[in-house]
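Undergrad: Please see the structure below; I have some questions.
The values are calculated or read from the model by the stated rules, or taken from the named source; none is laboratory data. Values in this document were obtained by computation on a predicted structure and should not be read as measured data. Cβ coordinates were reconstructed from backbone atoms using ideal geometry, including for glycine residues, and neighbour counts include every protein chain displayed. Surface areas here come from the heavy atoms of the whole protein model, side chains and all, with no ligands, DNA or RNA. Shrake-Rupley method; radii C 1.70, N 1.55, O 1.52, S 1.80 Å.
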Amino acid sequence: MDTYPISGKSLEKHYHINGEQFGQQYKEHLSNFYTWHQLGHAEYWILFPHNIGEYLSIDETALSNGELYTIITNKKAKGKKGALVAMINGTSSEKVIEVLKKIPLSKRRKVREVTLDMSGSMNKIVRASFPYATKVIDRFHVQKLAYDAMQEIRIKHRWEAIDHESEAIRDARFNQKTYEPTVLANGDTVKQLLARSRYLLFKSADKWTMKQKERAKILFAQYPDIEKAYSLTHSLRMIFTHNFNKTVALTKLAQWYDKVEKSGYKSFNSIMNTLQDHYREILNYFDNRSTNASAESFNAKLKAFRATLRGVSDIRFFLFRVAKIWA
């Protein structure tokens, strides 16, 4: 059963108490915060070697004032108690490795697989800290690169449409006329079409609503390069969705690279180069179809907890409570 963290404020209306005062009493007297064995270094790192498992995720999150923490979680715990292995202030590979090496090597050797993003520092951390683990680059980070490249093309056209409209408005004023924008078949102006198409481009065509299908038809007729970019993005997603064999997936990726080269899109060529640099770790996804979804879910829980507290004023006490709930 999931545990949902609460704040003193949330108890006020149910128990007719002063939530702020109760929270302070909990911190000072009811909890064992001041005798917590990790208190002395909590602001810099907290570590729970007993939670280490065969399958881990590593990610980063911002807790307060943009301060980034590197987080290692155990997938087997499914975001519940026992999920947190380590939280370390910063993303410096040297610093994170130094902390993780406090875990006995005999435990770290048992880690079989770690999911991560394409960051060079994350790769270095995993290689140095978990010597026998297979590194798996999260498929959703790979797909996001393609989505970003596609949206970059849409945004370029949107700025062109905005500039064109601004120029048309100035010309109409100069000629003492009223500017009337061109309205497309679905009722959108060109500028609106490009703005409102953002979300449908993230979805498969079979999941579009009737209005989205109509908008996409007009969009692709007006901008064939967006249709081509959408096709490239969708075909990359399908490689991960429909293939279960690493060798077949490698062949499909090679075919995708060929399509990208023929497209001539610079942004997609950059993605292709990035994927080629990390193709081994990307293909490892097809062994167990492992993703970093558990890490993303854990980060979402941390952010929701932070929101209930309306920010983090005492980072050490916040991490104490995080440890109580998830470690």
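Undergrad: Listed residues ARG154, ARG173; which is assigned to a helix (DSSP H, G or I) and either touching a Leu at 6+ places or on another chain (Cβ under 7 Å) or on the phi > 0 side of the Ramachandran plot (or both)?
TA: Testing whether each residue is assigned to a helix (DSSP H, G or I) and either touching a Leu at 6+ places or on another chain (Cβ under 7 Å) or on the phi > 0 side of the Ramachandran plot (or both) leaves just ARG154.
Undergrad: Would you check if PHE244 is open to solvent by 80 Å² or more (accessible area, probe 1.4 Å), within 26 Å of the chain's Cα centre (by Cα) and either touching a residue at least 12 places away in the same chain (Cβ under 8 Å) or within 18 Å of LEU145 (Cα to Cα) (or both)?
TA: Yes: the conditions hold for PHE244.
Undergrad: Would you check if there is a residue in region 89-96 being closer than 23 Å to TYR44 by Cα and in a strand (DSSP E or B)?
TA: Checked against the condition, which is being closer than 23 Å to TYR44 by Cα and in a strand (DSSP E or B), region 89-96 yields at least one hit.
Undergrad: Oh, and also: Out of LEU250, LEU232, which single residue is among the hydrophobic types (A, V, I, L, M, F, W, C), under 27 Å from the mean Cα position of the chain (by Cα), surrounded by fewer than 18 Cβ atoms within 10 Å (Cβ to Cβ) and in a helix (DSSP H, G or I)?
TA: Result: LEU250 is the single residue among LEU250, LEU232 that is among the hydrophobic types (A, V, I, L, M, F, W, C), under 27 Å from the mean Cα position of the chain (by Cα), surrounded by fewer than 18 Cβ atoms within 10 Å (Cβ to Cβ) and in a helix (DSSP H, G or I).
Undergrad: Also, I was wondering about something else. In region 64-93, which residues are more than 18 Å from the chain's Cα centre (by Cα), over 16 Å from ASP117 (Cα atoms) and open to solvent by 40 Å² or more (accessible area, probe 1.4 Å)?
TA: ASN65, LYS76, LYS80, LYS81
Undergrad: Picking from ARG158, ARG173, ARG139, ARG154, which residue would you name as being open to solvent by 20 Å² or more (accessible area, probe 1.4 Å), modelled with pLDDT of 95 or more and not hydrophobic (A, V, I, L, M, F, W, C)?
TA: Criteria check complete, one pass: ARG158.
Undergrad: Taking MET150 and the conditions (1) closer than 13 Å to TYR230 by Cβ; (2) in contact with a His (Cβ under 9 Å, 6 or more places away or on another chain), which numbered condition does it fall short on, given that it satisfies the others?
TA: Every condition holds for MET150 apart from (2).
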